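In what follows, a single structure is set out as structure tokens and then discussed.
The values are calculated or read from the model by the stated rules, or taken from the named source; none is laboratory data. As the structure is a computational prediction, the values presented were derived from the model and not from experiment. Methodologically, a virtual Cβ is constructed for each residue, glycine included, from the backbone with ideal geometry; neighbour enumeration extends over all protein chains shown. All accessible areas refer to the heavy atoms of the entire protein, side chains included, with ligands and DNA or RNA removed. Shrake-Rupley method; radii C 1.70, N 1.55, O 1.52, S 1.80 Å.
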Amino acid sequence: MHDNPTNFLSSGIQIKGSIRFENDMHIEGKIEGEITSTSGRVTIGESATITGDITAGDVRIYGKVDGKITSKRCELKQQARVKGDMKTISLSMEEGAQLHGNTEIG
């Protein structure tokens with residue numbers, strides 16, 4: 001069970017620049033820049049659009065990402081649209097998810 005608080009960026013938020021955090025982050029807004037978490041989980045919500053690289057232990061994607069993803073675990077949900085390379089130890093993809101780029105698993 002997670003005792004970490006979750007940071008939430010709602011759909012009206014737009015950020016240009018890098019985001020770094022330790023806890024969990026749920027993003028519904030538009031981000032242009034790097035997203036880096038030392039230990040937390042990043043959830044890219046259905047209304048989110050990310051342009052930039054994501055580095056985190058656990059990445060869940062429901063929305064759009066244009067950038068490189070580096071993680072221990074990555075889940076692409078049905079409506080996920082990912083354009084960019086991915087390096088992860090474990091990948092799960094739901095039917096309908098789209099991934100365009102090179103993938104390195106393991």
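Sparse packing (at most 14 other Cβ atoms within 10 Å of the Cβ) combined with a DSSP loop state is found for the following GluC sites (Glu not before Pro) in segment 68-106: 94, 95. Accessible area per residue for the chain, computed on protein heavy atoms with a 1.4 Å probe, is 56 Å². Does segment 24-67 come out rounded, prolate or oblate, given a ≥ b ≥ c as the square roots of the eigenvalues of its C-alpha gyration tensor, rounded meaning a/c under 1.5 and, failing that, prolate meaning a/b above b/c? It is oblate, given that a/c is not under 1.5 and a/b is not larger than b/c. Shape analysis of the chain yields a ratio of the Cα radius of gyration to the Kirkwood radius, Rg/Rh, of 0.93. Here's the list of aspartates and glutamates a cross-link from residue 77 could span, going by alpha-carbon distance under 20 Å and ignoring same-chain residues fewer than 8 apart: 24, 28, 46, 53, 58, 66, 85, 94, 95, 104. Note on the chain: with a GNM built from Cα contacts shorter than 10 Å, the maximum mean-square fluctuation among 38, 49, 88 falls on 38. Excluding same-chain neighbours fewer than eight residues apart, the lysines reachable from residue 68 by a Cα-Cα span under 16 Å are 83, 87.
In whole angstrom, how far apart do the alpha carbon centroids of segment 21-38 and segment 69-106 sit? Here the two parts' Cα centres lie 17 Å apart.
The loop-placed chymotrypsin sites (Phe, Trp or Tyr not before Pro) in segment 1-73, going by DSSP, include none that has at most 12 neighbouring Cβ atoms within 10 Å of its Cβ. For GluC sites (Glu not before Pro), the sites in segment 6-64 that DSSP calls loop and that have at most 13 other Cβ atoms within 10 Å are 22.
When the solvent-accessible area of the chain is split by element, carbon and sulfur atoms take up 44 percent of it, the probe being 1.4 Å.
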